[in-house]
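A.B. asks: Supplied in structure tokens, the structure appears directly below.
The values are calculated or read from the model by the stated rules, or taken from the named source; none is laboratory data. Everything numeric here is computed off the predicted structure, so don't read it as measured data. Neighbour counts run over all protein chains shown; Cβ positions are idealised from the backbone, glycine included. Note: accessible area is taken over every heavy atom of the protein model, side chains too, but ligands, DNA and RNA are not part of it. Shrake-Rupley method; radii C 1.70, N 1.55, O 1.52, S 1.80 Å.
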Amino acid sequence: MTHPEDTPLSKSAFQKIADINSADMERLEIYVSLLSAWQQRMNLVSTSSLKDIWRRHMLDSTQLKNLILPTDKTILDFGSGAGFPGLVLGIILSVPIHLVESNARKCSFLREVARKTDANVVIHHGRIEALDPFPADVITARALASLDKLLNYAQPFLAENSRCLFLKGLKSDEELTESRKKWKIIVTEAKSLSNASGTILTIEGISRHHV
């Protein structure tokens, strides 16, 4: 039996599923073109994932837009890497996205894409722990660290109504169980549109258990 994910998602199918307008689609195409060119010089993403880029990276990132509220004014993306999900959101949303990335060469790539797509992003080159904290309405991350570690990173940036949107894989339940030993969290889980084994965790009401 053939699984839908065995066949690469076409550009047009992505646009329909993700509900992307033509202007933003043109900017995402520029992004894809730059990613393919830079990938030949440095390892931005796994080479195999480029064969299904519209599903593995673009749809995976754009699905978060449905979880962004009109009242959200600041979004912070941890460990942006090649820009997923933060830079994609910076292209399709009007909210400023802060991208945090410790790798200088990846930051150069992010700046190039941001410049050529007019993305609404602020790029911070450095480690998350070294960034001066500021209140973020939404914090995002994909394939960066365990949930417990992500919550540690997030804590200095949390305001009263902050939410974390974390893209997680097969170990999602295991990481939730471990994290609940240390953290009080309100969690909403949603199935990923891009990956049958993927989960989007929306986490609110975050505070440490007092020992």
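A.B. asks: Could you please tell me which pairs satisfy a Cβ distance under 6 Å, a separation of 6+ or placement on different chains, a first residue in region 16-43 that is farther than 15 Å from Ala114 by Cβ, and a second residue that is among the polar types (S, T, N, Q) and open to solvent by less than 70 Å² (accessible area, probe 1.4 Å)?
C.D. replies: Ala18/Thr62; Met25/Gln15
A.B. asks: Would you please name the residue that is most open to solvent (accessible area, probe 1.4 Å), looking only at residues in region 6-25 that are among the acidic types (Asp, Glu) and within 20 Å of the chain's Cα centre (by Cα)?
C.D. replies: Initially, region 6-25 is screened for residues among the acidic types (Asp, Glu), giving 6, 19, 24.
Now narrow it down to the ones that are within 20 Å of the chain's Cα centre (by Cα): 19, 24.
Details: Asp19: 117, Asp24: 22 Å².
Here the answer is Asp19.
A.B. asks: For region 34-68, enumerate the residues that are in contact with a Pro (Cβ under 7 Å, 6 or more places away or on another chain) and either within 14 Å of Val138 (Cβ to Cβ) or in a loop (DSSP other than H, G, I, E, B) (or both).
C.D. replies: Ser61, Leu64
A.B. asks: Among the residues of region 86-97, how many are under 11 Å from the mean Cα position of the chain (by Cα) and not small (Gly, Ala, Ser)?
C.D. replies: 4
A.B. asks: What's the number of the condition Asp72 fails, among (1) touching a helix residue (DSSP H, G or I) at 6+ places or on another chain (Cβ under 6 Å); (2) at pLDDT 95 or above?
C.D. replies: Of the numbered conditions (1) touching a helix residue (DSSP H, G or I) at 6+ places or on another chain (Cβ under 6 Å); (2) at pLDDT 95 or above, the odd one out for Asp72 is (1).
A.B. asks: Further question on the same structure: Residues of region 69-114 being assigned to a helix (DSSP H, G or I), open to solvent by less than 20 Å² (accessible area, probe 1.4 Å) and either touching a Cys at 6+ places or on another chain (Cβ under 7 Å) or free of Cβ contacts under 8 Å to residues at least 60 places away in the same chain (or both), which ones?
C.D. replies: Gly86, Leu87, Leu89, Gly90, Cys107, Leu110, Ala114
A.B. asks: With respect to the numbered conditions (1) hydroxyl-bearing (Ser, Thr, Tyr); (2) farther than 30 Å from Pro135 by Cα; (3) touching a helix residue (DSSP H, G or I) at 6+ places or on another chain (Cβ under 6 Å), which one is the sole condition not fulfilled by Ser80?
C.D. replies: (2)
A.B. asks: Here are some residues: Lys168, Lys191, Lys149. Which one is loosely packed, with under 14 Cβ neighbours inside 10 Å, among the basic types (Lys, Arg) and either out of contact with any Cys (no Cβ under 6 Å at 6 or more places or on another chain) or at negative phi (or both)? Before the answer, list the steps.
C.D. replies: Numbers: Lys168 fails: loosely packed, with under 14 Cβ neighbours inside 10 Å; Lys149 fails: loosely packed, with under 14 Cβ neighbours inside 10 Å.
Sole residue among the options that is loosely packed, with under 14 Cβ neighbours inside 10 Å, among the basic types (Lys, Arg) and either out of contact with any Cys (no Cβ under 6 Å at 6 or more places or on another chain) or at negative phi (or both): Lys191.
A.B. asks: I'm trying to understand the selection: among the residues of region 115-138, which are surrounded by 15 or more Cβ atoms within 10 Å (Cβ to Cβ), of a type in the set (Gly, Ala, Ser) and closer than 19 Å to Ala154 by Cβ?
C.D. replies: The one that is surrounded by 15 or more Cβ atoms within 10 Å (Cβ to Cβ), of a type in the set (Gly, Ala, Ser) and closer than 19 Å to Ala154 by Cβ: Ala136.
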